[in-house]
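Everything below concerns the one structure shown next.
The values are calculated or read from the model by the stated rules, or taken from the named source; none is laboratory data. These numbers were taken from a predicted model, which means no experiment stands behind them. Cβ sites come from the backbone with ideal geometry, for glycine too, and all protein chains shown count toward neighbours.
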Amino acid sequence: MTRTTRPSFSITGRTQADLRQGWELDGVTEVLLEHTDLARIGNLDTNQVRQSAAEARNRGLKTVLVWDLLLSDREIADGGALIRSLDLSHFDAIRVQDPGVATYVRDAFPMMERQLVLETGNHNLVGIRRWIEAFEPKRIVLSNELPMPLIRSIREALDANDHTVTLEYLALGRLLIFYTPRKLISPVEPETDEWAFIERFATSVDEGKHFPLVENTQGTFMFYEKDLFLVPYLEEIAAAGIDVARFDLKHFEADELIPALESYLREPSAEHLGRLKSHLAPRLTRGFFKSNRTDKQFVKLKNQHLVVPEQAQLVGTVVETRKKKYLALMTELPFGQNDLLEFIAPEGHVAKARVEWIRDVTGNEHDRAESTGLWMVNHVGKVSAGSRVYRLRES
Amino acid sequence: MVGWPLGPYSVSQRDRLVEYRMTKPEILAPAGNMFKLQTAVRYGADAVYLAGRRFGLRQAADNFTIEQIHQAVAFAHENGTRVYVVLNGFLFDEELEDLPPFLAELESAGVDAVIVSDLGVLTTVRRHSNLRVHLSTQASALNSHAARFWRDMGVTRLVLGREVSIAEAAIIKREAGVEVELFGHGAMCMAFSGNCTISNYTAGRDSNRGGCIQSCRFKYRLSDERGGAGPQDHYLSSKDLQGIAQVPSFVEAGIDSLKIEGRMKSPLYVATTVRAYARARDAAWQRQADFGVEDLFRELNTMSHRDYTSGNLVDKARSDSIYLHDERHEPNSHDVIGHILEATENHLAIHLRNPLETGDRLEMLVPGQDIRVLATDTLKDLTGQRVQRVSSNRVVLLPADSIARAGFLLRKPKSKIDAQKDDISHDTDDAALIQHHRAHAG
């Protein structure tokens, strides 16, 4: 499949005016319509959605109704009723994320084109293929945790299997990092209306990071402190196989941002880039566009000295030491006198020693500690309580 | 159903519930390591969940080697307990490639099910094994449509999202024809599970592959503008779920499994929660009008915890489910002392996690029975010498006890007042539920 130099653009905005301004941008082919009762952060009422859809259609744009909430059965039924009242002929597609909502839409509105949001998890081709088979979406919205090399391989694999699904990736907007149905702002600000659209910043006291926070009728949403800004990389995004780049403009002053974006898209100069950035958060991010190494720190999460290797023969754990007198071991495997044991302390000290004597707790001497349980052996220097004890194979 | 204390459902929900078949829910306990697994089994868990070294969500837990999984399954099955292995990370392709050999080991060990959240993992498990598959709460299955989808993908049980009530879970079970599992106790994500990536972006650690830094527990300052002044509190932090008063509703609604959160929690937590919930479940199953909910509240307050909430079990979680720290809150009435390493005719050998002195009130948690107080008049060290006080990380010898067994957990009240307290002082928002229970118990 031949790739164009830039992907096409899908836009969303907070108001009808924002949408009208946004769809004037060169390259916009699609508008996302976010109803207050259907979208996570929707701001359009029923009439505004209908009007915007009609206007967008007249301009030759694709109209997509966003229903990306995670919902209970009752809420799905309510949402379905609302969608019927909107008149589906206004829309070219419905965008969903909850697999239950996707199932409902597939069954209740089988003729509607589906767009499936796979932004939460879904980092492997096996799963993505299965989602496509199950729901036959025309579009999948990929996670921004997927780096471009991986997207390229996903695109190639889908092409090789004649999948015609289009791929979308957020290129400009806030990164949603937390979504709860609970209201977290209005309860602590009694003067606010719990049904209002509330915007705040949550600053982490220890780290001083400023996270945008939104509460509305659907719950509370927190965004990363840095705005995602991939506009300078649109050619790379297209080359990786992304068909549609999304500009989520609803958190910005669109009447200032959109002209700056238009200028940059028309002429990507440093001046236009600077002007565009000035309308975004003070700090910007590429997210995981280049790479994702978020598993590399896992080795630091626990004391590696106490991690039992897969093939090791763990005899037990030291539960008490008495200098120059004894070690008390709680054992999981039998051991015997003259066995060579290795002790790895929580602090990392490693000691090797032979078992010189074995006693039970009442002081009786034994040649072997056959049953698992509490045993005492000769003291070994630098071994502390909590040390792991392994049996060493002797050559 | 006449006379049985119905759960706190609305009338319409209650009417529907009589259609459901009562079920004795399994008590499903966390097993962060072998000792915790043994503890869970000992104290009455019907099933445990654990993780191998990879593919799960608790990279900081000890977790199990393949050899240990074999041992764990053998031990659990000998005692009639099922073992589920969590594979609930959102995996990348290269990690999926490593999964089939691990699945073969799990099948060989005889694990009873695996718990997945990622459709790619689910597909891989189905392709490469005959393992039963449960859907993790990380997938946020919240409705019967999703349940049917996952059922059609091969899932036999759904661990429903924590946003689902007991009544909703019963409907999902009926509509989709799958087993349902609900969290009954433990810490809760404030966000929809699987929908939080704070750690990914702020700390470079994938929260959905085991690296969560629990940013929702941090203190934040709220303000109208970026960096502005404002009040500080733990706005994103959820109280802990505590559903002991709702256990009869679990039974009545036909919930298949009551899950206890906490693979990172202590053995004492495992013992206390399993013992309490198993007692409540057994009483509810036997339709005992009064299952001692007040005693069980008190038991659950012996452990360190955030303030309790019933979460979404009854109704949607409200503003009082946010854990805005109350400095006056007493987090736990008891301290862990340790566990019994060895119980013989001559002595009890106890591994101490906290100091013990002669005369201390030492409480032993006995599976299925009341708390038993052990004599501490005579403490000896491992050389047989009498001692007045023994510090932590030591072994102390006590006189033999006929009930005591290796592995039993021990605790002591933090104050003598707590030791003598008769009245409950539960810090929960479930007071109304206790009243409700009392009203129906007669």
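Here is how the numbers come out for the structure above:
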{"item": "Scan of the stretch B:324-334 for residues that are touching a His at 6+ places or on another chain (Cβ under 8 Å) and either away from every other protein chain (no Cβ under 11 Å) or at pLDDT 95 or above (or both), ordered by number", "result": "B:H325, B:P331, B:N332"}
{"item": "Check on B:R157, charged (D, E, K, R), in contact with a helix residue (DSSP H, G or I) (Cβ under 7 Å, 6 or more places away or on another chain), in the same structural domain as B:T65 (by TED's automatic domain parsing) and at pLDDT 95 or above", "result": "no"}
{"item": "Which listed residue is surrounded by fewer than 16 Cβ atoms within 10 Å (Cβ to Cβ), within 14 Å of another protein chain (Cβ to nearest Cβ) and without any contact (Cβ under 8 Å) to a residue 60 or more places away in the chain, from A:E256, A:E332, A:E356, A:E347", "result": "A:E347"}
{"item": "Qualifying residue in the stretch A:331-343 (condition: in a strand (DSSP E or B) and of a type in the set (D, E))", "result": "yes"}
{"item": "Filtered residues of the stretch A:88-127 (kept if under 15 Å from B:F149 (Cα atoms) and either assigned to a helix (DSSP H, G or I) or of a type in the set (S, T, N, Q) (or both))", "result": "A:Q97, A:P99, A:G100, A:V101, A:A102, A:T103, A:Y104, A:V105, A:R106, A:D107, A:A108, A:G127"}
{"item": "Per-region count, the stretch A:149-172, residues within 14 Å of another protein chain (Cβ to nearest Cβ) and either of a type outside the set (D, E) or in a loop (DSSP other than H, G, I, E, B) (or both)", "result": "10"}
{"item": "Enumerated strands (runs of 3 or more DSSP E) restricted to the stretch B:217-298, each holding at least 2 residues that are in contact (Cβ under 8 Å) with a residue 60 or more places away in the chain and aliphatic (A, V, I, L, M)", "result": "B:257-260"}
{"item": "Output for the stretch B:30-53, where each listed residue is crowded, with 24+ Cβ neighbours inside 10 Å, more than 22 Å from B:L99 (Cβ to Cβ) and not basic (K, R)", "result": "B:P30, B:L37, B:T39, B:A40, B:V41, B:Y43, B:A45"}
{"item": "The one condition in (1) surrounded by 14 or more Cβ atoms within 10 Å (Cβ to Cβ); (2) under 22 Å from B:T383 (Cβ atoms); (3) not polar (S, T, N, Q) that A:E365 fails to fulfil", "result": "(1)"}
{"item": "Residue count for the stretch B:230-259, restricted to those that are buried (at least 22 other Cβ atoms within 10 Å of the Cβ) and within 10 Å of chain A (Cβ to nearest Cβ)", "result": "4"}
{"item": "Spans of strands (runs of 3 or more DSSP E) in the stretch A:201-251 with at least 3 residues over 15 Å from B:H234 (Cα atoms) and more than 9 Å from chain B (Cβ to nearest Cβ)", "result": "A:210-216, A:227-229, A:244-248"}
{"item": "Long-range neighbours under 6 Å by Cβ, at least six apart or interchain, first residue in the same structural domain as B:G407 (by TED's automatic domain parsing) within the stretch B:37-51, second outside any strand (DSSP E or B) and buried (at least 24 other Cβ atoms within 10 Å of the Cβ)", "result": "none"}
{"item": "Inter-residue pairs, beta-carbon under 6 Å, first not in a loop (DSSP other than H, G, I, E, B) and in the stretch B:100-114, second not hydrophobic (A, V, I, L, M, F, W, C), 6+ apart", "result": "B:P100/B:H128; B:L103/B:H128; B:L103/B:S129; B:E107/B:S129; B:A109/B:H70; B:A113/B:Y84; B:A113/B:R132; B:A113/B:H134"}
{"item": "Residue, nearest to B:S136 (Cα to Cα), within the stretch B:199-209, restricted to residues that are surrounded by fewer than 24 Cβ atoms within 10 Å (Cβ to Cβ) and facing another protein chain (nearest Cβ under 7 Å)", "result": "B:R205"}
{"item": "Positions within the stretch A:379-389 being under 24 Å from B:A406 (Cα atoms) and surrounded by fewer than 20 Cβ atoms within 10 Å (Cβ to Cβ), in sequence order", "result": "A:S384, A:A385, A:G386"}
{"item": "Hey, B:G211 in a loop (DSSP other than H, G, I, E, B), over 24 Å from the mean Cα position of the chain (by Cα), at pLDDT below 95 and not assigned by TED's automatic domain parsing to the domain that holds B:E26 or not", "result": "no"}
{"item": "Boolean, A:G79 is modelled with pLDDT of 95 or more, on the phi > 0 side of the Ramachandran plot, in the same structural domain as A:E236 (by TED's automatic domain parsing) and over 20 Å from the mean Cα position of the chain (by Cα)", "result": "no"}
{"item": "Which listed residue, of A:R155, A:R129, is in the same structural domain as A:G27 (by TED's automatic domain parsing) and over 28 Å from A:A56 (Cβ atoms)", "result": "A:R129"}
{"item": "Residues of the stretch A:1-51 classified as surrounded by fewer than 17 Cβ atoms within 10 Å (Cβ to Cβ) and among the hydrophobic types (A, V, I, L, M, F, W, C), total", "result": "2"}
{"item": "Criterion: at pLDDT 95 or above and out of contact with any Pro (no Cβ under 9 Å at 6 or more places or on another chain) - qualifying residue of B:G44, B:G80, B:G56", "result": "B:G80"}
{"item": "A:R50 vs. criteria assigned by TED's automatic domain parsing to the domain that holds A:R266, outside any strand (DSSP E or B) and free of Cβ contacts under 8 Å to residues at least 40 places away in the same chain", "result": "no"}
{"item": "Only one of B:G186, B:G227 that is of a type outside the set (S, T, N, Q), surrounded by fewer than 24 Cβ atoms within 10 Å (Cβ to Cβ) and away from chain A (no Cβ under 11 Å)", "result": "B:G186"}
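Results for (1) surrounded by 17 or more Cβ atoms within 10 Å (Cβ to Cβ); (2) acidic (D, E); (3) within 14 Å of another protein chain (Cβ to nearest Cβ), shown as yes or no for each residue.
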{"residue": "B:V336", "(1), (2), (3)": "yes, no, no"}
{"residue": "B:E345", "(1), (2), (3)": "no, yes, yes"}
{"residue": "B:R353", "(1), (2), (3)": "yes, no, yes"}
{"residue": "B:I371", "(1), (2), (3)": "no, no, no"}
{"residue": "B:T383", "(1), (2), (3)": "no, no, yes"}
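Table: residues versus (1) within 17 Å of the chain's Cα centre (by Cα); (2) in the same structural domain as B:A45 (by TED's automatic domain parsing); (3) at pLDDT 90 or above.
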| position | (1), (2), (3) |
| --- | --- |
| B:A203 | no, no, no |
| B:S215 | no, no, no |
| B:A229 | no, no, no |
| B:D256 | yes, yes, yes |
| B:T273 | yes, yes, yes |
| B:Q286 | no, yes, yes |
| B:F291 | no, yes, no |
